[in-house]
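Inspection log for the structure reproduced underneath, given as structure tokens.
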Amino acid sequence: MKAERWLALSAVLIMLAVGLGAFGAHGLEKLISAKQMETWQTAVLYHFVHGLALLGLSLASLIKPTLAFRGVKAGILLGLVLFSGSLYMWVLTGWPWLVFLTPMGGVIWLAVWSGLAYQAWSLSRHQKPN
């Protein structure tokens, strides 16, 4: 996917995080337990953080196209769907099997962030000193 599309997708994801945060605070507060509200807020927090990370990587890709971060961006998106998406759906449906998807999203994020660290380290080793 082109950098411009990733940028647009990032904006949509952040918009959804805002909307889902507001929905949780105002639409669900009297309908769900305190534990479910805490779970919802965790999903929103991680949704925001990774939406912003995706935005930053997308902007970097626009500024310097050689920094495509394709695997990293796709991993962030997949992790977001599995982690935050499963938590949102668990709160809304109560389906207990959904919580098994949550750690998969977290593991994907761990792999993605370590992969990004490796990529950044590799870039710094291959650059000429100023």
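Structure notes:
- Counted residues, the stretch 55-71 - those being among the hydrophobic types (A, V, I, L, M, F, W, C) and crowded, with 20+ Cβ neighbours inside 10 Å: 2
- Looking only at residues in the stretch 5-54 that are in a helix (DSSP H, G or I) and among the charged types (D, E, K, R), the one that is surrounded by the most Cβ atoms within 10 Å (Cβ to Cβ) is 38.
- Matching residues, the stretch 22-51, being among the small types (Gly, Ala, Ser) and closer than 17 Å to residue 90 by Cβ: 24, 27, 33, 34, 43
- Any hit, the stretch 72-83, residues being touching a Leu at 6+ places or on another chain (Cβ under 7 Å), within 24 Å of residue 1 (Cβ to Cβ) and basic (Lys, Arg): yes
Only the coordinates and a few stated rules stand behind these numbers; no lab work does. Computed from a prediction, not measured in an experiment: that's the story for all the values here. Every residue, glycine as well, gets a Cβ built from its backbone with ideal geometry; the counts of neighbours run over all protein chains shown.
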